[in-house]
Amino acid sequence: RSVAIVLGTRPELVKLTDLVRLLGPAAHLVHTGQHYDEELSGRFLSELGLPEPTFLTGVGGRPRAVQISAALGQLDELFTAEPPLAVVVQGDTNAALAGALAANARRIPLLHVEAGLRSHDRNMPEEHNRVLIDHIADVLCAATPENRANLLAEGVDVARIAVTGNTVVEAVHGQLPGARERAALLARHGLADGGYVLATVHRPENTDSAEALRAVLTELAALAADLPVVLPLHPRTRARIEAAGLDDLLAPLTVSAPVGYGEFLALARHAALLVSDSGGIQEECTVLGRPLIVVRRSTERPEAMGDFAELVEPGPEIGQAARRRLAEGPEGLARLATLPSPFGDGRASERIVTLLTAAVAPQLLAAAA
Ligand code: UDP
């Protein structure tokens, strides 16, 4: 019998890689297909060396309730045919919520990686997913003491919570290409170390409103007058830009398709500044020692704010904050490089395996052997 790891998006693949490796043959990956295309998932499975998952069908590209219910029905069938020892989910996606509900319905022990994040922003579907998962999980792996405090404030039993650190730290350490490879990559892109901005935009709050999307792209285009702005474009954002007729704003930017994880980390490691609405990049910037402008209304990762990151709304504040950070120059970057990441020491996955083993199953060891 195995441990079912239910996931469906790019950041889950990244953040569960080390855990899957440590579990070895005991890990059974179930991919809901929430993001399933080659750019966002297929290449990540092979790049990260993950085993072939069982794929669910009819989930990707559907409305949220349909994604959850379609995945839930198929997971229940899978878990009935082959009951896992435990179910592991990560983060706050629809895939993670479906995995959690399926485990709960079959009374299978549920472990939540990255528990206790809270934006307190009830407009974000992810906030609802997180709260629901945390309240039904048996083992909650909080990345930071702040995450643990969020859970305690909601009355979650202290005995269910452990502070493990965030698995993204070991993902960055494991996947960042070596210095020579990074130098070759920069040369290939025609970029100078510390001489460009790396940006990503994909959250609905920035893409689904043409006004917000125009504001973000206008600021990036203005920054591109001073230094190259590299934008690996998420397929959803590309579609919205075309629909809103904003293509012209891309002209000054260095636009590409989404890049693989190692390449993204390498580009981020040598950027003068990151601009993004991503959750994971708020953590990665602290491991890579790079400043980040977070283009969002709210964040569930306040630990990154201050030295590493700052939160701004779409609009002129982006350019103002970016120029302030860029003005700190190489000294600013050197200072960040000396600061520890608030997200852990790179051993979260090891701690999670220990918790999983202790909490759910001595059989786990037998299955892994
Ligand atoms: N990422 C990547 N290639 C790209 C853009 C991002 O590998 O072209 C990685 C990034 O480093 C982070 C993850 O994808 O680990 C973030 O995924 P996303 O922004 O889709 O989700 P979020 O973090 O907001 O949940």
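Considered as a group, the residues in the range 88-100 that are farther than 17 Å from PRO63 by Cβ and away from the ligand (no atom under 14 Å from the Cβ) include one that is surrounded by the fewest Cβ atoms within 10 Å (Cβ to Cβ), and that residue is ALA100. Restricting attention to the range 102-130, which residues are within 20 Å of the chain's Cα centre (by Cα), farther than 23 Å from VAL353 by Cα and not acidic (Asp, Glu)? ARG118, SER119, HIS120, ARG122, ASN123, MET124, PRO125, HIS128, ASN129, listed by residue number. Look at ARG297 and say whether it is within 16 Å of the ligand (Cβ to nearest atom), at pLDDT below 95, in the same structural domain as VAL201 (by TED's automatic domain parsing) and within 21 Å of the chain's Cα centre (by Cα). Criteria met by ARG297. State whether the residues of the range 195-206 include one that is without any contact (Cβ under 8 Å) to a residue 24 or more places away in the chain and of a type in the set (Lys, Arg). No: the range 195-206 contains no residue that is without any contact (Cβ under 8 Å) to a residue 24 or more places away in the chain and of a type in the set (Lys, Arg). Within the range 36-51, the set of residues being of a type outside the set (A, V, I, L, M, F, W, C) and near the ligand (Cβ under 10 Å from one of its atoms) comprises GLU39, ARG43, GLU47.
Can SER46 be described as modelled with pLDDT under 95 and in the same structural domain as GLU114 (by TED's automatic domain parsing)? The answer is yes for SER46. I'm checking my understanding of the structure. Among residues of the range 318-339 that are closer than 18 Å to THR200 by Cβ and not aliphatic (A, V, I, L, M), which one is surrounded by the fewest Cβ atoms within 10 Å (Cβ to Cβ)? Among them, the one singled out is GLY319. For ALA272, the criteria (1) of a type outside the set (Ser, Thr, Tyr); (2) out of contact with any Ser or Thr (no Cβ under 7 Å at 6 or more places or on another chain); (3) within 22 Å of ASN147 (Cα to Cα) hold in every case but one, which is (3). Among the residues of the range 59-71, some residue qualifies, meaning at least one is in contact with a helix residue (DSSP H, G or I) (Cβ under 8 Å, 6 or more places away or on another chain) and in contact (Cβ under 8 Å) with a residue 60 or more places away in the chain. Six or more apart or on different chains, Cβ atoms under 6 Å: show the pairs whose first residue is in the range 249-275 and over 18 Å from ARG236 (Cα atoms) and charged (D, E, K, R) and whose second is within 12 Å of the ligand (Cβ to nearest atom) and in a helix (DSSP H, G or I). Between residues of the range 249-275 that are over 18 Å from ARG236 (Cα atoms) and charged (D, E, K, R) and residues that are within 12 Å of the ligand (Cβ to nearest atom) and in a helix (DSSP H, G or I), the close pairs are ARG269/LEU288. Checking each residue in the range 100-137 for being in a helix (DSSP H, G or I), more than 18 Å from SER278 (Cα to Cα) and out of contact with any helix residue (DSSP H, G or I) (no Cβ under 7 Å at 6 or more places or on another chain) picks out ALA103, VAL131, HIS135.
Residues in the range 1-35 that are within 13 Å of the ligand (Cβ to nearest atom) and of a type outside the set (A, V, I, L, M): GLY8, THR9, ARG10, PRO11, GLU12, LYS15, THR17, GLN34, HIS35.
Taking the residues in the range 260-278 that are out of contact with any helix residue (DSSP H, G or I) (no Cβ under 7 Å at 6 or more places or on another chain) and not aromatic (Phe, Trp, Tyr) as candidates, determine which candidate is surrounded by the most Cβ atoms within 10 Å (Cβ to Cβ).
The initial filter retains those residues of the range 260-278 that are out of contact with any helix residue (DSSP H, G or I) (no Cβ under 7 Å at 6 or more places or on another chain), namely 264, 267, 271, 276, 278.
Within this subset, residues satisfying the condition of being not aromatic (Phe, Trp, Tyr) are 267, 271, 276, 278.
On the way: LEU267: 21, ALA271: 27, SER276: 24, SER278: 21.
It comes out as ALA271.
Scan the range 132-143 and tell me whether some residue there is crowded, with 24+ Cβ neighbours inside 10 Å and in contact with a Cys (Cβ under 9 Å, 6 or more places away or on another chain). Write out each step before concluding.
Initially, the range 132-143 is screened for residues crowded, with 24+ Cβ neighbours inside 10 Å, giving 133-134, 137, 140-143.
Imposing the further condition that a residue be in contact with a Cys (Cβ under 9 Å, 6 or more places away or on another chain) reduces the set to none.
No, because not a single residue in the range 132-143 is crowded, with 24+ Cβ neighbours inside 10 Å and in contact with a Cys (Cβ under 9 Å, 6 or more places away or on another chain).
For the range 271-286, the set of residues classified as under 14 Å from the mean Cα position of the chain (by Cα) and of a type in the set (A, V, I, L, M, F, W, C) consists of ILE281, CYS285, listed by residue number. The criterion of at least 3 residues that are at pLDDT 95 or above and more than 10 Å from the ligand (Cβ to nearest atom) is met, among helices (runs of 4 or more DSSP H) falling completely within the range 176-292, by 179-189, 210-223, 235-243. Every test in (1) outside the structural domain of VAL295 (by TED's automatic domain parsing); (2) touching a residue at least 60 places away in the same chain (Cβ under 8 Å); (3) acidic (Asp, Glu) is passed by ASP226 save one, and that test is (1). Among the residues of the range 11-49, which ones are crowded, with 20+ Cβ neighbours inside 10 Å, more than 13 Å from ALA95 (Cβ to Cβ) and not polar (S, T, N, Q)? Listed by number, the residues that qualify are VAL14, ASP18, LEU19, VAL20, LEU23, ALA26, ALA27, HIS28, PHE44, LEU48.
The values are calculated or read from the model by the stated rules, or taken from the named source; none is laboratory data. Quick caveat, the model's predicted, so the values are computed rather than measured. Neighbour counts run over all protein chains shown; Cβ positions are idealised from the backbone, glycine included.
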